[in-house]
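Here's the structure, in structure tokens; my notes come after.
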Number of protein chains: 2
Amino acid sequence: MNDLDRLASQIVAGSVRALARGLTWVEAGGERAADLSERLYPQTGRAHVIGITGSPGSGKSTLVRALARAARQRGRTVGILAVDPSSPYSGGAILGDRIRMNDLALDPGVFIRSMATRGALGGLARAAADAVDLMDAAGRDPIFVETVGVGQDEVEIAGTADTVVVVSVPGLGDDVQAIKAGVLEIADIHAVNKADREGADRIIAELRAMLTLLPAREGVRVPPVMACVAAREEGVDALLDAIGAHMDELKAGDALEPRRAKRAQQRVLRIAHETLTRAMGDPALHMAPLVARVARRELGPHAAARALLAALRDAKT
Amino acid sequence: MNDLDRLASQIVAGSVRALARGLTWVEAGGERAADLSERLYPQTGRAHVIGITGSPGSGKSTLVRALARAARQRGRTVGILAVDPSSPYSGGAILGDRIRMNDLALDPGVFIRSMATRGALGGLARAAADAVDLMDAAGRDPIFVETVGVGQDEVEIAGTADTVVVVSVPGLGDDVQAIKAGVLEIADIHAVNKADREGADRIIAELRAMLTLLPAREGVRVPPVMACVAAREEGVDALLDAIGAHMDELKAGDALEPRRAKRAQQRVLRIAHETLTRAMGDPALHMAPLVARVARRELGPHAAARALLAALRDAKT
């Protein structure tokens, strides 16, 4: 039995240590990560994957922690992936570190992992999807994928979940609400956190009004707007119920398969993109002199892109 | 002379109508767009490309308009590209429409174009780079690339410029400032707009303090922080001077070539990525059944990605 086989079977057997090691492979990327992913892939697709996104300051980590605790009380073993693509320049996973410090870290029934961007084009979304798979193969269900911030990457990563929960909060300025435009449209459920604050009724009313304005998608019901106070665990059980109800609806309406097919397509594309990005930096493929010619305007960028694809072909055949 | 040759030579000759038509090709993407880009590429690299980014509400469009007017007074012919990747779901180029309505639209020495996202993975950044090239080949110099919002895409697009101006404004909340973290690090010049408002001195002082905290990059001076009131055209000439001085510095420090080489590399990669994205949707390559097998967990996503790259090879050889 080689390293890969051993690690894969330990992950499936539920070893937390093996899962952590596998996630380190997956984060580093490359062939070993791909092999591990492929090996475990047939064991995946069983977990309910829940994306949690929303403005900074909306209390997402606290809410995820409360949801995990509620799921634990229902006898589930939970996975949490906290993804922070906020800056391609600084790195570091502040959020994950913050989460690790709390009481959940002592419960082996909750596995928490944080991931930060490496500045790779699309690499983080690929790694996040692989990480979810590993947790899925390890029997974690549900798996929460929490993203920091509200940019397009966050939307993309949260959007790969079965159920997307968008967290809002009373008292943030209009600017922040405006940024959220793209996020609104991927929400399956809206959670208004810190609902004991002034302005909660107004934001709930506003969200409901906005939702009626969105173009109706066939077979898709208007997302519910749920109030909660995560820090006091109020409304969290009801939110977890709503998340479960959404999955039931997906299954009943034959909407789960198309949703996962779309997710699979994006994922295949991301992996192919990452292969190209790696090829660009691979000294054996000699792309640097070509790029220098592009910079000097001796060669067009489209011709160089074709050369990159051809180099990949010659290297891999 | 075929369509492409005619259009290319009309663009180089400075025809505004031909430039507009070429940009429509470039926005649509595909082979025709690539051919036009490649044809014009040797005529590019002459313009000073200036990226303008910053928080929503910071008055970027007004500032770009004022900068364009100042450049006109110096006898330059200006290009403006307003890029709006804020939502992959809604589309539409609000900003460009707003710009088009103003006095500059009557001056043929200022060419304005807006571009919105099409939901393509990386497609907008590719199209934006091609659009800048077309304006460059048409003799526009300087070219302003204005991005709406502060996400990673905006950072990426603004970051492809020779000089990046990050616009701040007094009176926005801390949340918005926090989101800006990734943007701070790509700034060559900081412009504090609406500097007649209360709090301007504070934000200027804060920016200067923050800049001293950034890790020093070799050969890179600390970015200047410039105050302006774009709506009253105050401080705009000085800002344009600072932008020009930055280009002089780049040239004097032999920093322009490495910067453009890095830009060329990202660009080649983006084009290759877009080729893959198109291949995924190309019915002739039969990727859909493969993706369906991935969704059913019969085939791993990494194996499917290899199949996509192979399909592209077989189609293109």
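Quick notes on this structure:
- For the condition at the interface with chain A (Cβ under 9 Å from one of its Cβ atoms) and modelled with pLDDT of 90 or more, B:HIS302 qualifies.
- The residues listed here are A:GLY300, A:GLY235; of these, the one that is among the small types (Gly, Ala, Ser), closer than 23 Å to A:LEU184 by Cα and surrounded by 13 or more Cβ atoms within 10 Å (Cβ to Cβ) is A:GLY235.
- Test: residue in the stretch B:86-107 that is in contact with a strand residue (DSSP E or B) (Cβ under 7 Å, 6 or more places away or on another chain) and at pLDDT 80 or above: no
- Condition met for B:VAL150 (buried (at least 23 other Cβ atoms within 10 Å of the Cβ), in a loop (DSSP other than H, G, I, E, B) and at pLDDT below 80): yes
- Answer from A:ALA13, A:ALA70 - the residue that is assigned by TED's automatic domain parsing to the domain that holds A:GLU146 and more than 17 Å from A:THR147 (Cβ to Cβ): A:ALA70
- Subset of the stretch B:108-130 [facing chain A (nearest Cβ under 10 Å) and modelled with pLDDT of 90 or more]: B:ALA129, B:ASP130
- Against the test of being farther than 19 Å from B:ILE143 by Cα and either of a type outside the set (Phe, Trp, Tyr) or in the same structural domain as B:ILE157 (by TED's automatic domain parsing) (or both), the options B:ALA242, B:ALA255 yield a single qualifying residue, B:ALA255.
- Of all the residues in the stretch B:24-40, those that are within 17 Å of the chain's Cα centre (by Cα) and within 12 Å of B:ALA137 (Cα to Cα) number 1.
- Residue ID - nearest to the other protein chains (Cβ to nearest Cβ), chosen from residues in the stretch A:263-287 that are over 28 Å from B:VAL294 (Cα atoms) and buried (at least 16 other Cβ atoms within 10 Å of the Cβ): A:MET287
- The set of residues from the stretch B:296-314 being closer than 14 Å to A:LEU276 by Cβ and among the aliphatic types (A, V, I, L, M) comprises B:ALA305, B:LEU308, B:LEU309, B:ALA310, B:LEU312.
- Test: residue in the stretch A:31-53 that is on the phi > 0 side of the Ramachandran plot, in the same structural domain as A:ALA200 (by TED's automatic domain parsing) and at pLDDT below 90: no
- Checked against the criterion of being in contact with a Leu (Cβ under 7 Å, 6 or more places away or on another chain), within 14 Å of chain B (Cβ to nearest Cβ) and at pLDDT 90 or above, the stretch A:246-262 contains one or more residues that satisfy it.
- Taken over the stretch A:37-64, the criterion of being of a type in the set (S, T, N, Q) and in contact with a Pro (Cβ under 8 Å, 6 or more places away or on another chain) is satisfied by A:SER37 alone.
The values are calculated or read from the model by the stated rules, or taken from the named source; none is laboratory data. Nothing here was measured: the structure is a model prediction, and the numbers come from that model. Every residue, glycine as well, gets a Cβ built from its backbone with ideal geometry; the counts of neighbours run over all protein chains shown.
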